[in-house]
Structure formats: structure tokens, C-alpha cells
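Engineer: Sharing a structure, written as C-alpha cells. Questions coming.
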Amino acid sequence: MQDFTELKQKHRATWAAGDYDQIARGIQAVADHVVRSGRIRAGERVLDVACGTGNTALMARARGAVVTGLDLTPELLAIAQQRAEEEGWSDIAWKVGDAEALPFPDGAFDVVVSSCGLMFAPDQQKVANEVARVTKPGGRIAIQAWTRESGVGRMFKVTGAYVPPPAGVPSPFEWGDEDKVKRLFGSSFRDYRFERYDCPEFADSPEQLADLFINQYGPTHRVFHALPPEKAAAFRGDLIDLYRGYVTPVDGKVRWGREYVIALATRA
């Protein structure tokens, strides 16, 4: 069995780099979609796995849910907690933890959600097993992931050309594949449904968008700063070329499509 301990330490450092909260605030529409599709109601116990800086957890709390947010990266949780306190919600439980070993008892939650987070854990089967374990019978999941063919998937393909992903680790974009999700969760869940949507990022130019993600988004930030100057410049150029494909002919601005899937199911 592969040991992902070192990789997870790298993941923590990656997501702590840059300024992920600024990126997260640009995808709040995704969190809203997850909470609405998950039909979260007042009083329900909700776990947000890989909660980042708290987008989905905060929206679940706004609906009156009893919320726990878990993430591998303490720096992101500190921002999430600050955001919650600014909203007057001091009762959200924030926990540093691993999606592959959730520190909660069996059936502890009515709803388990994740937005743009759970998908990056390396052992996908362990994650699926843990999500199933902590979801009560009759409880629900709403798990969002970017698709492989989305703008995010294409951006990671550019990134991987400069720093290849570790061997033996499945692509995070498999969580955007409906058949793969069904195989991971199997008979632990029933009544599978999948919703597809898009959360575009807008920019005045491809260069502006490339610099935004190089400066603020952990994975691209880390790659750019790990490369020697000539390769870093080439990496930025390849990102600009990618975003140039999303320039709209009407006004010449960028509308970068970020298509995603939300997996919805009921615990058997």
C-alpha cells in the first residue's frame, strides 16, 4: 500500500502558498450550488470536507445547519474561522484533519459536502469509504469536482507539463467522472444524481488571468516559483496561451469556463 504521508505534507504547503482565499471568493457560486443541491436544512449536522477558507461551510451555516469544517491546511482554516467570526458565527467547528481518516464517529452527519477540495486527496477509495462511514443511513452527500475537460482540468494539464504529478496517484479529475464516482461509493449510496454547471472566471486579458493564478492559486504559484527563470517565463506563456482560447469576440475579454459536476446521493 502506497504511503502518501510525504505527498500530503506537500499538499499542505501548496494550498498554504499564494492567497487561496481570493481565488475561493471567486467560486462562491459553486458553494451556493452545492448547498442548494444538497438541500441543506436548519438543524442538520453538516460536514464540509476539505473546506478550504470556508465557502461551503459558511453557506451551510447561513441555512441554520450545525456545521463542521475540516481541512488539511491550518492556514486555510484560520482564514475560514476569521470569516465565520466576521459573519457572527462562532459556533462552526473547524478541525485540522485528513479526508482519508475523518476524526468523527460512524453516522455522525446528516449531510457531507465538499467543494473543490476532497477531489485532491490522493487515496480516493479511502476518502469515499470515510465519507460513507460518517454519513448516517438516509443521509446525503453533495460532492463537487472540476471535470477533466474543464478550464481547471486544462490548466492542470499545463502545470503537469512542467512539474509532473506523482506516480501512482490518480488524477483528482476522476471525481468529475460520474462512472468513477459510482464505483468509488458503490452500494454505500443509492439514488445517484449528477448536476453539471459552469463557474466562469472573467478577466480583462489572458495576461491578467495568468498573473492572478500565478500569484494567488497555490498549485500554479508553487510551480512558477519552483522553476528556473526561463522555464517560469515559458510556463506563464503557456498559461496565457490557454486563457487566450477563452477570449470572447464581442469585447475581447476572457471568460474562462470552469465546468464542474456535483455528485448527489443518499446513504444506503
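Engineer: State whether one or more residues within the range 85-92 are of a type in the set (Asp, Glu) and surrounded by 19 or more Cβ atoms within 10 Å (Cβ to Cβ).
Structural biologist: Looking for residues that are of a type in the set (Asp, Glu) and surrounded by 19 or more Cβ atoms within 10 Å (Cβ to Cβ), one finds none in the range 85-92, hence no.
Engineer: Now a separate question. Cys116 passes all but one of (1) touching a Pro at 6+ places or on another chain (Cβ under 7 Å); (2) closer than 23 Å to Ala29 by Cα; which number fails?
Structural biologist: All conditions are met except number (1).
Engineer: Determine whether Ala57 is surrounded by fewer than 18 Cβ atoms within 10 Å (Cβ to Cβ), at negative phi and at pLDDT 95 or above.
Structural biologist: Answer is no for this residue.
Yes/no matrix, rows are residues, columns are (1) more than 16 Å from the chain's Cα centre (by Cα); (2) small (Gly, Ala, Ser):
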{"site": "Ile27", "(1), (2)": "no, no"}
{"site": "Arg39", "(1), (2)": "yes, no"}
{"site": "Ala57", "(1), (2)": "no, yes"}
{"site": "Val66", "(1), (2)": "yes, no"}
{"site": "Thr73", "(1), (2)": "no, no"}
{"site": "Glu100", "(1), (2)": "no, no"}
{"site": "Pro103", "(1), (2)": "yes, no"}
{"site": "Gly107", "(1), (2)": "yes, yes"}
{"site": "Val111", "(1), (2)": "yes, no"}
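Engineer: Go through (1) closer than 26 Å to Arg267 by Cα; (2) within 17 Å of the chain's Cα centre (by Cα) and name the single condition Ala17 misses.
Structural biologist: (1)
Engineer: Could you list all residues from the range 122-179 that are exposed (fewer than 14 other Cβ atoms within 10 Å of the Cβ), of a type in the set (Gly, Ala, Ser) and under 25 Å from Gln2 (Cβ atoms)?
Structural biologist: Once the filter is applied, which keeps residues that are exposed (fewer than 14 other Cβ atoms within 10 Å of the Cβ), of a type in the set (Gly, Ala, Ser) and under 25 Å from Gln2 (Cβ atoms), the range 122-179 yields Gly160, Ala161, Ala167, Gly168.
Engineer: Does the range 185-199 contain any residue that is more than 30 Å from Asn129 (Cβ to Cβ) and either of a type outside the set (A, V, I, L, M) or surrounded by fewer than 18 Cβ atoms within 10 Å (Cβ to Cβ) (or both)?
Structural biologist: Yes, because at least one residue in the range 185-199 is more than 30 Å from Asn129 (Cβ to Cβ) and either of a type outside the set (A, V, I, L, M) or surrounded by fewer than 18 Cβ atoms within 10 Å (Cβ to Cβ) (or both).
Engineer: Continuing with the same structure: If you check Leu102, Leu118, which single one turns out to be touching a residue at least 60 places away in the same chain (Cβ under 8 Å) and within 29 Å of Pro165 (Cβ to Cβ)?
Structural biologist: Matching residue, one of Leu102, Leu118: Leu118.
Engineer: To continue, here is another question. Which number in (1) at negative phi; (2) out of contact with any strand residue (DSSP E or B) (no Cβ under 6 Å at 6 or more places or on another chain); (3) small (Gly, Ala, Ser) marks the one condition that Gly38 misses?
Structural biologist: Status for Gly38: all satisfied but (2).
Engineer: Exactly one of these conditions fails for Gln81: (1) more than 24 Å from Asp3 (Cβ to Cβ); (2) within 15 Å of the chain's Cα centre (by Cα). Give me its number.
Structural biologist: (2)
Engineer: Let me ask you something else. Look at the range 243-262 and say how many of its residues are buried (at least 21 other Cβ atoms within 10 Å of the Cβ), without any contact (Cβ under 8 Å) to a residue 60 or more places away in the chain and assigned to a strand (DSSP E or B).
Structural biologist: Count: 1.
Engineer: Something else now. Which is under 19 Å from the mean Cα position of the chain (by Cα) and hydroxyl-bearing (Ser, Thr, Tyr), of Tyr192, Tyr217?
Structural biologist: After ruling out the rest, the residue left standing is Tyr217.
Engineer: A further question on this structure: For the range 175-190, indicate whether the set of residues that are among the small types (Gly, Ala, Ser), touching a Phe, Trp or Tyr at 6+ places or on another chain (Cβ under 7 Å) and under 26 Å from Gln9 (Cα atoms) is non-empty.
Structural biologist: The answer is yes; a qualifying residue exists.
Engineer: Any idea how many residues of the range 137-180 are over 15 Å from the mean Cα position of the chain (by Cα), assigned to a helix (DSSP H, G or I) and not aromatic (Phe, Trp, Tyr)?
Structural biologist: Final tally of qualifying residues: 9.
Engineer: If you don't mind, another one. Could you say which residue among Phe185, Phe194 is in a helix (DSSP H, G or I) and in contact (Cβ under 8 Å) with a residue 40 or more places away in the chain?
Structural biologist: Phe185
Engineer: Give Asp48, Asp21, Asp71 a once-over and let me know the one that is out of contact with any Pro (no Cβ under 8 Å at 6 or more places or on another chain), closer than 22 Å to Tyr197 by Cβ and either of a type in the set (Ser, Thr, Tyr) or buried (at least 16 other Cβ atoms within 10 Å of the Cβ) (or both).
Structural biologist: The conditions single out Asp48.
Engineer: Could I ask something else about it? Determine which single condition Ser37 fails, assuming it passes every other condition in (1) closer than 19 Å to Glu195 by Cβ; (2) surrounded by fewer than 15 Cβ atoms within 10 Å (Cβ to Cβ); (3) of a type outside the set (Lys, Arg).
Structural biologist: Failed condition: (2).
The values are calculated or read from the model by the stated rules, or taken from the named source; none is laboratory data. This is a predicted model, so every value here is computed, not measured. Methodologically, a virtual Cβ is constructed for each residue, glycine included, from the backbone with ideal geometry; neighbour enumeration extends over all protein chains shown.
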